[in-house]
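Coordinate-derived values only; no laboratory data. Computed from a predicted structure; not experimentally measured. Cβ coordinates were reconstructed from backbone atoms using ideal geometry, including for glycine residues, and neighbour counts include every protein chain displayed.
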Amino acid sequence: MIPSLLTLLSILPVPIPPQDVPAPQAQAVSAMLRGLHGLVSQHPKRLQIEEWGRSRKDQPLLVARVAFPGEVPALQRPALLLVAGLDGRRLDDSRIAIAQLENILKAAPESETAKRLATSTLYILPLANPDGLARGIAGNGAPYDDDHDGREGEDAPEDLDGDGRALWMRWKDAEGSWIEDPDHAGLMRKADPEKNERGVYRVEREGFDADRDERFNEDAPGGVLLERNFAQLYPEHEAGAGRYVLSEPESLALARFVSKHPRLQLVVSYGATDNLLETPKKNSRKGRRAPTGYFEQDLWIYKQLGELYREATGREGKNHDEWPGRFHSWVYAHMGIPCLSTSLVHWSDKAKKEDPDASKEEPEKRPEENKGPEEAREDQAPPASQPGTKTQDKLKKKSSKGSKQSDESKQRAWLEKHYGEEAFLPWKLHQFPEGKIREIEIGGLNEGLLHRIPESEKDAITTNHLDFLLSLLDRMPQVTLGKVTSKQLAPGIVEVEALVSNEGWLPPRIHIATLLRRPVLPRLEAVLATGTDWQPLLPAQEARATSTALLTGPRMTLISDLEGKGSHSKLRWTFRIGAEGQPTLLLRIGDRVLASRAIPTPNAKNGGGR
Amino acid sequence: MNPLRHTVRALPLLLPLLLPAVTATTLAAQGEADLIAPTGIEAMSWDRFRDYKGIVELMQAMQKRWPDNITLTPIGKSVQGRTLWVMTVNDPKTGEHSTKPAMYVDANIHGNEVQGAEAALYMVWYLLRFAPRVPRLQKILSTRVFYIIPSVNPDGRDYWFHKANTASSSRSGQEPVDSDGDGLFDEDPPNDLDKDGHITMMRKKVPMGEGSFRIDPADPRIMIRVGRGEKGDYNFLGSEGIDDDGDGRINEDGPGGYDPNRDWGSDWQPGWLQRGARPLPFGLPESRAVRDFLLAHPNVAGVQAYHNAGGMILRGPGSQYVKYASGDKRPYDIIGKKGEELIPFYRYMVLWDDLYTVHGGFVDWTYMGLGILSFTNELWARTRMDQGRKKLDRAASTKLGGDLSFDSHIVPWKEYEHPLYGKIEIGGSVKNSGRMPPSFLIQEMLHRNSAFVLYQTEELPEVTLAKTTVTSAGKDLYYVDVVLENKRVTPTRTAQATTKKIGKPDFLLVTSTTPKVLQASRFRDAFRKNQGSPLPKAIQATRIPIEEGIPSRGKLRIRYLVQGKGTLRLTYEAEKAKNLNFEIEIH
């Protein structure tokens, strides 16, 4: 199969805005940041705004902490984090995250939402890449020398015809390798020598060869792709990956936020990847190597939450679950927290019925899952300068496996359905103002729209994804100190048994988390209550002969064996009851007490909580 | 005063100091040695190690003695707020430091591995002291630059100096870590139970046959592991300590608890794959300060990061699956094998293959991330105690050490009532023994390692003009051939930098406007000058990027086609070599 321009369009970063920051996007970002602070004044008991860093352009990286009044302080509750806007082309993701936040804050006191958020905490980072969002570029705009010529960002696409878009330009050239697709008017594809076709056109991004190196627009000021900058399978030295892992203030702030919140149990990311539409791929590596996918023992979580997602949103389709340097793979593989990633823009399943070409195509499996850094780089690399370069060669290889056509058709159909004439701009003649080229035609697919959510879908997406998000709060682990029973073995000698249970759905630690030893585990301690304080309960050999002491059993036990809902752990001790102090069991996480229970004295009922 | 309070005088202190020799015969053999007794800092002895304050004072004293050549610059703070100082060593008469190839030397990334700081500073002291009368040293000083960070883990250094420790505790810095995963930080450290200022060992006598050790009948200080069929009456219980947090384990969550040499961003892996890794790469302020310094100094072309013990000259890769660019093996091997010559008992080794796997190690990052040839010397080689005459087992080595140090490195066993184990004995080696040389061997160790680092420094890239020729190509047209040479072992761009496009490529620039340069091509040798294809149109002939630089002991050959006569001015520009400006007359 011959790669078409649509193929190329579908995998390249979108539209390059003019060099200067486009005012509407920048204004929208500023307004959203201001709006977050405004929400606090409206909901002071439910919302706090925390600043976790500043972007390269000194924009604040704001996290909204939503915790409704409840018995347990916000920091001690199991928590869920929602991240949006790592990809600067997806401003609509940020808008939806904020709309969801506003919706949540308005919840009635007795509503399900309010009840959920009285026992758990929701963090929302809606504008994870404010500089990129303000400019509509995938990266964060950091200085970057894409073509390695010693100069940074010196050859960006331009809007030559002044129509507000930087699309594509074509001109007839003896060395051209592209033709207009006879089956799709206006669309360009590579000529196929096997069909005796000969290339007629050169196709490039719209713009000058600003650095006079005979390559067009190969070094745009796109910056570092934050979704290449995280530490899991970090694609060091690959295009857009940054100078080093976590080199960007935005990715570093987010990584620090996650690592500094030990009660985070789930993360959701709105972006370009997806691991919910299908059960994602499991790790294929053996032994002690960085995993390339999810451990088999953790797949059930993704499988079940994927079902929940599909039910809540009515979506179907295929995963797009890339790993190298991605935020969601890092959250799972380095933080031990399930991270659900989803693309709010969704063109695949609906187009299936509408596009006649799609039905002719063999359903294909996307090859992108867990591919290596070299392949991954191509997907979001800055525009290839010339058709026939490595990118096209790779595409050809992919296309020859028949892997892309159906997606392209779906994308085009979806764009035309939602954007009509804006989806594809007809080629228009334009005088090229410099060099040997005299005339060009400018036009092509307006693929930037693939990152925008159609107005008609925004409300539904906001609502059904909010339903999904809130339903996740019901699945947090909830470790409780259950029944405590005691039996007198001899005068003053008591045997005690306690039950610690997980009343939540998620285990406190999923499989990979047990390897990582995070998030922090609850622990049960046997202590001596003295007035309002607790003292260590000494083992008999260290205690005075008349003191309350521990005869058998550990002073402290990490509760490491709890799994999903209903699993429990039984612990036993023997105490010598002395004259002073009340032996007590404390269930703690870190230095926070989750529950306490006085040991029932012989012939007495169980003590109450404290 | 407790001598451990400010300095550690490595044991024993009984032998004469090995200052430069004093006899005329020796002077003749060692051209740099003094005829007249030196004074001031030049007379200082190198037979001991210093705490952080002592190191900073020494740096300041050196800067005061050689103010033209030494600059001290703070680059950041440690976890506990100690300043990280960089000592820049340069000859300003020959240019700004940033214009010359630089050797970066640091040490003490592991808190207990203190001796590298003295090794780094000894080299500077030796260089500046003797350069005025030793031409080879003078050339190094005038053409190269050094960036020295004697301690990249000053918190760990002072923790080791001023707290009870073993020779191996603690590699970490001092940021609290929940090492045992119970949500508490540093709550179960080793305990100096007998309050003697050392963390030694605990042993317990058990009925004969229940132990794994017995006392050496020839030397009661030494414990021998019993063999199959033998009976023992002692068991070791680990380092001195109690179960502070009541979890049934002893000393499992001491101060810090991470490994700063697993914090670097190339092939970094989380804790379950790499013990000692922090939650995030570059997670420590010390690492970030060093990282930012190196990124801001692209002229660094060689790295030495001193460690403590083993007698090794190590290079990466740290992992089997990481492949170093094959083109860099030769320069690595030349430098490493030279090290084996200069430092007896040292072996040139590849980390993962000859020692163990390291993910996220410093020298892996400086090579993989920055494209710099990087080494780690493990300084103390125990074999030096017997000078390689015979290979001693551990017991014999301990005995020899005892005889040479008059048993000052041993804390005799004494009884102690332990809260968990009952009656035990505490004793063993002190911290400043075993993993560092005794005082009488310190200076030689420092000197030989400095000679190795100075060798690597000499072999940093140096671009010279090997040959130019001008030949007629017809009316008013000329071929101008330029051959540039790097006689040094280190390439101007390593294969790693080339393949991964790290840093800026070198450039050959034509800075004059006449005569007009029409085209440029590369040629292989003098016999095939016209066979090289013109450089791609995308490359301007007046600004040729040389992505692969000039190789180790190699040449670069460029042919220009120019029109007209006059003076052609050119510059070879390289991040890791001094720029070379030259002119070619065409007449």
(message) So, A:G132, is that one out of contact with any Asp or Glu (no Cβ under 9 Å at 6 or more places or on another chain) and closer than 30 Å to A:G443 by Cα or not?
(response) no
(request) Could you tell me which of the residues B:R82, B:R65 is within 25 Å of B:T39 (Cβ to Cβ) and either surrounded by 14 or more Cβ atoms within 10 Å (Cβ to Cβ) or within 20 Å of the chain's Cα centre (by Cα) (or both)? (result) B:R65
(request) Determine whether the stretch A:316-327 contains at least one residue that is aromatic (F, W, Y), at negative phi and surrounded by fewer than 21 Cβ atoms within 10 Å (Cβ to Cβ). (result) no
(message) Against the definition (out of contact with any Cys (no Cβ under 9 Å at 6 or more places or on another chain), crowded, with 19+ Cβ neighbours inside 10 Å and within 10 Å of chain A (Cβ to nearest Cβ)), how does B:G248 come out, yes or no?
(response) no
(request) Search the stretch A:217-237 for residues being surrounded by fewer than 23 Cβ atoms within 10 Å (Cβ to Cβ) and within 18 Å of A:G141 (Cα to Cα), and hand back the single one that is nearest to the other protein chains (Cβ to nearest Cβ). (result) A:H237
(request) Would you check if there is a residue in the stretch A:221-236 being basic (K, R) and either touching a Lys or Arg at 6+ places or on another chain (Cβ under 9 Å) or closer than 18 Å to A:A272 by Cα (or both)? (result) yes
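Show me the strands (runs of 3 or more DSSP E) found entirely inside the stretch B:194-298 where at least 2 residues are in contact with a Gly (Cβ under 8 Å, 6 or more places away or on another chain) and among the hydrophobic types (A, V, I, L, M, F, W, C). Let's see the steps before the verdict.
Details: elements: B:201-205, B:213-215, B:223-225, B:234-239.
Fully inside the stretch B:194-298 and qualifying: B:201-205.
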(request) Report the residue count in the stretch B:251-270 for those that are within 14 Å of another protein chain (Cβ to nearest Cβ) and not small (G, A, S). (result) 10
(message) Among the listed residues A:L101, A:L105, identify the single one that is under 23 Å from A:D459 (Cα atoms) and buried (at least 20 other Cβ atoms within 10 Å of the Cβ).
(response) A:L101
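Quick one: which residue in A:S569, A:S560 is in contact with a helix residue (DSSP H, G or I) (Cβ under 8 Å, 6 or more places away or on another chain) and touching a residue at least 12 places away in the same chain (Cβ under 8 Å)?
Numbers: A:S569 fails: in contact with a helix residue (DSSP H, G or I) (Cβ under 8 Å, 6 or more places away or on another chain).
Going through A:S569, A:S560 in turn, just one is in contact with a helix residue (DSSP H, G or I) (Cβ under 8 Å, 6 or more places away or on another chain) and touching a residue at least 12 places away in the same chain (Cβ under 8 Å): A:S560.
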(request) Just name the residue that is nearest to the other protein chains (Cβ to nearest Cβ) out of those in the stretch A:257-311 that are of a type in the set (D, E, K, R) and not in a loop (DSSP other than H, G, I, E, B). (result) A:D298
(request) Being more than 19 Å from the chain's Cα centre (by Cα), of a type outside the set (D, E) and either surrounded by fewer than 18 Cβ atoms within 10 Å (Cβ to Cβ) or assigned to a strand (DSSP E or B) (or both) is the filter here, so list the residues in the stretch B:49-62 that pass it. (result) B:K53, B:Q60, B:A61
(request) Among the candidates B:D259, B:D219, B:D233, B:D243, single out the residue that is under 35 Å from the mean Cα position of the chain (by Cα) and among the acidic types (D, E). (result) B:D259
(request) Might you check whether a residue that is over 30 Å from A:A97 (Cα atoms), without any contact (Cβ under 8 Å) to a residue 40 or more places away in the chain, assigned to a loop (DSSP other than H, G, I, E, B) and within 14 Å of another protein chain (Cβ to nearest Cβ) occurs anywhere in the stretch A:521-538? (result) yes
(request) Inspect the stretch A:148-161 for any residue being free of Cβ contacts under 8 Å to residues at least 24 places away in the same chain and either on the phi < 0 side of the Ramachandran plot or under 31 Å from the mean Cα position of the chain (by Cα) (or both) and give the result as yes or no. (result) yes
(request) Select from the stretch A:238-267 the residues that are hydroxyl-bearing (S, T, Y) and either surrounded by fewer than 24 Cβ atoms within 10 Å (Cβ to Cβ) or more than 14 Å from the chain's Cα centre (by Cα) (or both) and list them in ascending order. (result) A:Y244, A:S247, A:S259
(request) Determine whether A:D211 is touching a residue at least 60 places away in the same chain (Cβ under 8 Å), away from every other protein chain (no Cβ under 14 Å) and either in a loop (DSSP other than H, G, I, E, B) or closer than 30 Å to A:C339 by Cβ (or both). (result) no
(request) Kindly provide the set of residues from the stretch B:85-118 that are small (G, A, S) and surrounded by 15 or more Cβ atoms within 10 Å (Cβ to Cβ), ordered by number. (result) B:G95, B:A102, B:A107, B:G111, B:G116, B:A117
(request) Among residues belonging to the stretch B:536-550 that are in contact with a strand residue (DSSP E or B) (Cβ under 7 Å, 6 or more places away or on another chain) and more than 12 Å from chain A (Cβ to nearest Cβ), point out the one that is nearest to B:T514 (Cα to Cα). (result) B:A541
(message) Suppose the filter is at positive phi, surrounded by 23 or more Cβ atoms within 10 Å (Cβ to Cβ) and aromatic (F, W, Y); does B:F345 pass it?
(response) no
(request) Hey, could you check the stretch B:520-561 for residues that are of a type in the set (S, T, Y) and assigned to a loop (DSSP other than H, G, I, E, B) and say which is farthest from B:D481 (Cα to Cα)? (result) B:S552
(request) Identify the residue in the stretch A:541-559 that is more than 9 Å from chain B (Cβ to nearest Cβ) and more than 16 Å from A:V496 (Cα to Cα) and, among all such residues, is nearest to the chain's Cα centre (by Cα). (result) A:I559
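Residue by residue, here is whether (1) within 14 Å of chain B (Cβ to nearest Cβ); (2) more than 28 Å from the chain's Cα centre (by Cα); (3) in contact (Cβ under 8 Å) with a residue 40 or more places away in the chain holds:
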{"residue": "A:A107", "(1), (2), (3)": "no, no, no"}
{"residue": "A:T121", "(1), (2), (3)": "no, no, yes"}
{"residue": "A:A128", "(1), (2), (3)": "no, no, yes"}
{"residue": "A:A134", "(1), (2), (3)": "no, no, yes"}
{"residue": "A:G139", "(1), (2), (3)": "no, no, yes"}
{"residue": "A:P143", "(1), (2), (3)": "yes, no, yes"}
(request) Answer yes or no as to whether A:D183 is of a type in the set (D, E, K, R), closer than 26 Å to A:E434 by Cα and not in a strand (DSSP E or B). (result) no
(request) Please specify each residue of the stretch B:555-577 satisfying the condition of being under 41 Å from the mean Cα position of the chain (by Cα) and of a type in the set (G, A, S). (result) B:A574, B:A577
(message) Any residue at all in the stretch B:409-423 that's part of a helix (DSSP H, G or I) and surrounded by 16 or more Cβ atoms within 10 Å (Cβ to Cβ)?
(response) no
(request) Mind telling me which of the residues A:R189, A:R202 ends up being within 36 Å of the chain's Cα centre (by Cα), among the charged types (D, E, K, R) and not in a loop (DSSP other than H, G, I, E, B)? (result) A:R189
(request) Report, by residue number, each residue of the stretch B:493-510 that is part of a loop (DSSP other than H, G, I, E, B), at negative phi and facing chain A (nearest Cβ under 7 Å). (result) B:I502, B:K504, B:P505
